[in-house]
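Values quoted throughout were computed directly from the atomic coordinates according to the rules given, and no laboratory measurement underlies them. Owing to the predicted nature of the structure, the values given are computational and were not obtained by experimental measurement. Positions of Cβ are generated from backbone atoms using ideal geometry, with glycine treated the same way; all protein chains shown enter the neighbour counts.
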Amino acid sequence: MLLGVLALTVVVFWERHRPAPVHIPVPVEPAPAPLAPVATVAPAPVVYATYRTPKPVDDPFADTMALVHLKLRQWRDSLRQDPDADEYRSQLMKELLALVTNDNVAQIIHALSAQELDTPFGTGALQHWLQLDPAAASTWLASRPGATAAQTSALADYWSGNPAGVQQFVDAIADPAAKQTFLQQTSEEMSRNDPEDALKLAQQLPPGPAQTNVLQAVACNWIATDPNAALDYINSVTDPAMKDRLTAAAAQSYALTDPAQAAAWLVSSVNSDEVVNAASLNILQTWVTKDPAQAANWAMQFPEGKMQATAMQIVSQYWQQVDPASATAWLQNLSPPPADPAN
């Protein structure tokens, strides 16, 4: 009995004084941190060129030129970015030309850059100046190196309508270089529509390559519009070398109408073998487009050697493109075959 009480007392004492149990916590994974937002790059906006109307200043001409430069930039941008916007560019040109007056046209022409001058606006302003003061405009243009075809055409168009005045202007040009430039440019352009008056100007050029080139242009254009007058002029030329060159030039032009007659005229009228050979090949290039078989027959009559080989090659290359069967048959019947002109 005593032992039982003692045991109970020990148990009660132990329960009261034993250390509290240590509980090891179960590891808990921390909640995932929210993902940082991914940075996105917005596409770069399309930037279009914009032009502000220039602020007016105290100089009216400066205001005008500022508008001219602005509208010409807009015109060039449109031509590059939207080639089909013809109506828009036409309206710009109307607005530009409306800025040109009798009082400012010369100043505007002088203030334009070469690029701006080589535009429909530049040509229109030049035509305005020619009508207002043809002597000043022509002198200025003749003194400019590298005038464009449109500018010289505007010059020639004006003087073609005033053949009596053109000689007075030529006589008044003091600078020999400017006079030669004017004669060369104007006579060559005038030869397209008025070869007889163009000839009068060309004959005032000093003898040399420039005059020869212009006279050849006159002969080419004249034979196409009035063959009898052109032949009368060519036959009146006393310099044999010049006469040969003019005949060859006219024959090449006449080949567009009648290549067979042009070839016969060339061979019978020109004495220089060099001129005949060069002109013959040019006529052949025209003839083969009109009648390959006849052109081939003529080519076979050329002197044997490099000249004939070149002629046969001209015919063969064109004929093979338009009628391979006929060209092949022609080549097969040749005995021997044409030589390579490179050899």
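Here are some notes:
- What the phi angles of segment 313-330 give under the Karplus curve with 6.51, -1.76 and 1.60, with θ = phi - 60°, is a coupling list of 5, 4, 5, 4, 4, 6, 5, 5, 6, 9, 8, x, 5, 5, 5, 5, 4, 5 Hz, glycine and proline written as x.
- Packing-based order for 294-300, 283-289, using average beta carbon neighbours within 10 Å, highest first: 283-289, 294-300
- Other residues whose C-beta falls under 13 angstrom from the C-beta of Val270 contribute a net charge of -1, scoring Lys and Arg +1 and Asp and Glu -1.
- Residue exposure sequence - Arg73, Arg80 - by fewest surrounding Cβ within 10 Å: Arg80, Arg73
- The order of the peptides 220-229, 91-100 by mean Cβ neighbours within 10 Å, most packed first, is 220-229, 91-100.
- Charge tally for Leu92 (other residues, Cβ to Cβ under 12 Å; Lys, Arg +1; Asp, Glu -1): +1.
- Length gained on full extension, Asn193 to Asp171, computed as 0.36 nm times the residue gap minus the Cα-Cα distance: 5.6 nm.
- Rounded Å value of the spacing that divides the Cα centres of segment 155-173 and segment 118-133: 16 Å
- 15 Å beta-carbon shell around Leu155, net charge (K/R +1, D/E -1): -4
- Ranked by how many other Cβ atoms sit within 10 Å of their own Cβ, fewest first, the residues Leu141, Leu67 fall in the order Leu67, Leu141.
- Considering only alpha-carbon pairs that sit under 8 angstrom and 6 or more positions apart, the relative contact order computed for segment 53-132 is 25 percent.
- For segment 224-230, backbone phi angles converted through the Karplus equation (6.51, -1.76, 1.60; θ = phi - 60°) give residue-by-residue couplings of 7, 9, 8, x, 5, 5, 5 Hz, Gly and Pro being listed as x.
- Computed E for Thr238/Leu334 - FRET, C-beta separation, R0 25 angstrom, nearest 0.05: 0.05
- The packing ranking of peptides 159-168, 255-264, highest mean first, is 255-264, 159-168, where packing means the average number of other beta carbon atoms within 10 angstrom of each residue.
- Estimated vicinal HN-Hα couplings, Hz - segment 186-196 in sequence order (Karplus 6.51, -1.76, 1.60; Gly, Pro = x): 6, 5, 5, 5, 5, 4, 5, 10, 9, x, 5
- Ranked list, fewest to most other Cβ atoms within 10 Å of each Cβ, for Arg245, Arg192: Arg192, Arg245
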